[in-house]
1. Return yes or no: is B:ALA554 touching a helix residue (DSSP H, G or I) at 6+ places or on another chain (Cβ under 7 Å), modelled with pLDDT of 95 or more and not hydroxyl-bearing (Ser, Thr, Tyr)?
2. Given B:LEU129, B:LEU201, B:LEU138, B:LEU190, which one is within 9 Å of chain A (Cβ to nearest Cβ), under 26 Å from A:LEU129 (Cβ atoms) and within 23 Å of the chain's Cα centre (by Cα)?
3. Considering only the range A:488-524, state which residues are open to solvent by 20 Å² or more (accessible area, probe 1.4 Å), touching a residue at least 60 places away in the same chain (Cβ under 8 Å) and over 28 Å from A:GLU249 (Cβ atoms).
4. Would you please name the residue that is farthest from the chain's Cα centre (by Cα), looking only at residues in the range B:77-92 that are open to solvent by less than 50 Å² (accessible area, probe 1.4 Å) and in contact (Cβ under 8 Å) with a residue 60 or more places away in the chain?
5. With the condition kept exactly as written, say whether any residue in the range B:370-381 is open to solvent by less than 80 Å² (accessible area, probe 1.4 Å) and touching a helix residue (DSSP H, G or I) at 6+ places or on another chain (Cβ under 7 Å).
6. Within the range A:427-482, track down each residue that is touching a residue at least 60 places away in the same chain (Cβ under 8 Å), of a type in the set (D, E, K, R) and touching a Lys or Arg at 6+ places or on another chain (Cβ under 7 Å).
7. Could you check, for the range B:32-44, whether at least one of its residues is within 14 Å of chain A (Cβ to nearest Cβ), open to solvent by 40 Å² or more (accessible area, probe 1.4 Å) and within 19 Å of A:GLY205 (Cβ to Cβ)?
8. What are the pairs with Cβ atoms under 7 angstrom where one residue, in the range B:221-232, is at pLDDT below 80 and the other, located anywhere, is open to solvent by 20 Å² or more (accessible area, probe 1.4 Å) and among the basic types (Lys, Arg)? Sequence gap at least six, or different chains.
Number of protein chains: 2
Amino acid sequence: MYRTHTCGALRLEDKGKKVVLAGWVQTIRKYGAITFVDLRDRYGITQLLFGEQVNAALEANPLGREFVLQVSGEVIERSNKNPQLATGDIEIDVQSLTLLNKAAVPPFTIQDDTDGGDDLRMKYRFLDLRRAAVRRNLELRYAVNRAARTYLHSEQFMDIETPFLIKSTPEGARDFVVPSRMNPGQFYALPQSPQTFKQLLMVSGYDRYYQIVKCFRDEDLRADRQPEFTQIDCEMAFVEQEDILLMFEGMIRYIFKEVKQIDYTAPIARLSWEEAMWTYGNDKPDIRFAMPLLNLKKPDTVFTNKADHRTLIDEAGFAIFDQAETVLALAVPGAADYSRKQTDELTEWVQRPQIGMKGLAYIKYLAADNCKSSIDKFYTPEQLLSIAKAAHAQPGDLILLLAGKEERTRKAMSELRLELGQRLGLRKPDEFKLCWVLDFPLFEYDEEGNRWVARHHPFTSPKPDQIETMIGNDPVIADAANYLRHPYARIKANAYDMVLNGNEIGGGSIRIYQRELQEKMFAALGMDKEEQQHKFGFLLGAFEYGAPPHGGIAFGFDRLCAILGGSESIRDFIAFPKNNAGRDVMLDAPATIDEKQFEELQIRLQLKK
Amino acid sequence: MYRTHTCGALRLEDKGKKVVLAGWVQTIRKYGAITFVDLRDRYGITQLLFGEQVNAALEANPLGREFVLQVSGEVIERSNKNPQLATGDIEIDVQSLTLLNKAAVPPFTIQDDTDGGDDLRMKYRFLDLRRAAVRRNLELRYAVNRAARTYLHSEQFMDIETPFLIKSTPEGARDFVVPSRMNPGQFYALPQSPQTFKQLLMVSGYDRYYQIVKCFRDEDLRADRQPEFTQIDCEMAFVEQEDILLMFEGMIRYIFKEVKQIDYTAPIARLSWEEAMWTYGNDKPDIRFAMPLLNLKKPDTVFTNKADHRTLIDEAGFAIFDQAETVLALAVPGAADYSRKQTDELTEWVQRPQIGMKGLAYIKYLAADNCKSSIDKFYTPEQLLSIAKAAHAQPGDLILLLAGKEERTRKAMSELRLELGQRLGLRKPDEFKLCWVLDFPLFEYDEEGNRWVARHHPFTSPKPDQIETMIGNDPVIADAANYLRHPYARIKANAYDMVLNGNEIGGGSIRIYQRELQEKMFAALGMDKEEQQHKFGFLLGAFEYGAPPHGGIAFGFDRLCAILGGSESIRDFIAFPKNNAGRDVMLDAPATIDEKQFEELQIRLQLKK
């Protein structure tokens, strides 16, 4: 061993001990004939004192930052103690020094506030990983991993490894494929998730399964997506939705307690998908702050249980509102005194291509009965006041209104709500608010193919009381214009998402476990019998041999860690991430392969011109 | 929840409770108007009693094996208790029954001694996984996983995930590659191990790393090899070989204690590679039994520190021994009374193509001074007795002798030793004997290329006192015939294997951490500067920025579990294994992919005629 202690271990009670330390030079400070060096390792920093005699050797062979040293010496009490440092009461009076390795000057400083840009830090990731900020992220990741395993073990879940070289069954996202040299012309696929395997394990009677496992999706990368990502993947047999919700509320509370020392004892809100969309315009609402939307028109094809406030805006002769599919309002607390410049800026914000709205109306709710508005040509002060009050506004609030096509307008208002929540400081990174979103639609409509696609995945069951609706109706959409009137449009999934601070951190469902229903689902998605058998014959077969009711959930581990770490970027919580083009710039991968590899795999390139 | 208790939970003290159970029908026994059903889940078996009233319903809808049931009823005391069963004191007086799912008749019986052949069980793996024997294997695997994590955590190792989509740098084994759609013409590779990443983590100061991680090798599959396999992968900084040995002796002792309730307190033997080859003819010796080899000739190009017993056989005029490169003897305890038929059978055994020897000589050491031998034409009784004694034989033993080319003869004798150990019952599956094998040669000679290849991998350091030999000599082999006289032939690696019952369960090394030495190693393996930079530029770069001394080890997790489970087959310890052709016969993978996938990936097949 190159050391007797780590750089974080020594205290005043070790005074007088002869010790050997090893680590990296963090800083060097010369004072005449003596030199102080801060020696760093994963565990801490210890101050080294090079007295006159040893210092002479240093003069001959000067140290530099990030040099790797081994020193032996005696623990002495510091005259000038540093209370910021766990080892701040002592220093090492160095008696001998071995230089284990030199270090070139790093291309950026190894500090929390580094001067390195993203690209440079990615290329020299092994240096970036030395920064305390990054190390803390990976330590948090390990702590979440540990906590999840401890909890799941205590609940009798078993970690069972599932294969990585499987079969390509592209549904939605693209598979990464792997040519098989042993089976020329054939390919493995990398799993997008262990979904069917964990279901088979339930059929096999393993009862409770988990895995913290890499998954792969060959998607066009958006910012903060990775082609490989990690899931906490879980499945349980003989359960209903309620059992899963309680089990994984338990897990997340345990993680909060273990990792963040937070007693998350508050009840975890449960919103139906309709409720979430109606109130927040979003199926992963950030409920750290209120600012609920006011729906001035109800699209009755989407919402079944809601009443709108159409009467507040009807018959005023304002064509934009009258003709819009949707009109939404949002009260911004304390913003009634926004200047013209400020409201103009908000208008420009919603007009950016990412948001894509034509304009923004507002009502300034100045005092108890005094409203000023950009639309006061069309609405009386009383009408404006009614809208303001319906939007739960208080005097002093600014009410913003958007109108247009249902989906885009709702999305825009949701974005605007989040943006203003951010600007108003209502989205605190150290505050954590969880909720469940339930009762998603089972199907989404694919306009291009005039057919149904699975909103979650093809293994999600409908609500038990809608199984008959699903079995008893033909999935074919005869009347494309009125697809929303097809019985399938109203089928709700037995599915649930866990949302933390506006991010989906986990999602799952109660699964189909009856062959007939699974076949109906595949058929609804446009798969004929032959394709069903080719892709999922093993699962349909398994359902014939005694499949129990079962369900599960998968947590996005990277994102969960990022949010718990107070960051929006998952990349900072992955040891060796890829960039937005899916490249590892440190390795310079992907890369070309040898001619010999092509020959052995019996493939060749056919690049598009 | 579909149940109040599992099928393994209820005891006599639960008598009188109303309970709900769910599980699979294991057996059905009818006695007139009542029926007994054993209901099974992962946790156990509970007997159900269907009295007259409920039984009538059963008559209408008969149950079958593997049907999935939910029953509610009362816990009652059994008149006929079953002490073999944890729940054997009670049964459930069933009041109502819900059939959750039917089951077709399984293609083989779900029992420890199943009637299903290998192929059938692989195809219906989800049924095979129900057998208690397989479930116990996966439970053992999970227990080993848990124990390894607990130990490593207590020693401050951190689980850090490394990427799966990396760069192809084929050395030795072939990489599986993954075409990149986003980077046409380029490929990722799946890792053969996280070797370079864990080394970078040491450069980054993470000090102690571990991961239980899938690795991939596209090798021609032999029996009991899998294209994807799992490693317990570990690395430590600021360590020497001795530190690693002690740390991982601790881990394996902890695993024995936790998983097998075995106090493995005996010292773990350490053999040099020379010692292992000399005594057992094998670098992964099974030391559960002695039967050491007697080396009658020493190949001095291989062994530096050994004395042979050439004088025992010299000048007897037996041309086969005189001309042989190697002559080895082995004493088989208590086998002196083998019949002619038995010695003939052993001769045929060594003549099989897998062993490939021309013949087998023997000496029957019948009594204190009485030897009979197949070679007594050439050797006097005194000479035969001397050989027997040198081979540590006792009266009553049979001494077997093989002669021929060094490598083949040694290998044959090692196989013969294992075979006879097996036949004599000396290799007990429930006895565990560990040893370390140390001081391997750093290089192996590649005859075809007349060059050196790395015996372990190119990151293994030479013994510290041989670094100068390595740096100071030209790796080029000028005299191919005498390659063993090249200075590199004698360089020993700072490497170690852990061997359990004759199987290598772990292997590792102290790594090179100096750029100059690493470049010399790459050059010795025939890599020019450009290739070094292309493949490993990131690692050479990392060594310039303060790389600490470091080393590590990787355990073959599948094999470790198999041996602890008393089996030689890793497949039984993998939930979803592949067959010997690398196929998953349940999924029917690998398989063809869609034309659309080829187009997107911009590749084509080019199948050999």
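The values are calculated or read from the model by the stated rules, or taken from the named source; none is laboratory data. In this text the structure is predicted, and so the values were computed from the model without any measurement. So basically every Cβ, Gly included, is an ideal-geometry build from the backbone, and we count neighbours across all protein chains shown. Note: accessible area is taken over every heavy atom of the protein model, side chains too, but ligands, DNA and RNA are not part of it. Shrake-Rupley method; radii C 1.70, N 1.55, O 1.52, S 1.80 Å.
1. Taking the combined requirement at face value, the residue does not satisfy it.
2. Within the list B:LEU129, B:LEU201, B:LEU138, B:LEU190, the selection yields B:LEU190.
3. A:ALA489, A:ARG490
4. If we take residues in the range B:77-92 being open to solvent by less than 50 Å² (accessible area, probe 1.4 Å) and in contact (Cβ under 8 Å) with a residue 60 or more places away in the chain, then B:ILE92 is farthest from the chain's Cα centre (by Cα).
5. Yes: the range B:370-381 contains one or more residues that are open to solvent by less than 80 Å² (accessible area, probe 1.4 Å) and touching a helix residue (DSSP H, G or I) at 6+ places or on another chain (Cβ under 7 Å).
6. Hits for the range A:427-482 are A:ARG427, A:LYS428, A:GLU431, A:LYS433, A:ASP439.
7. The answer is yes; a qualifying residue exists.
8. As it stands, the answer is B:ASP224/B:ARG571, since those pairs meet every condition given.
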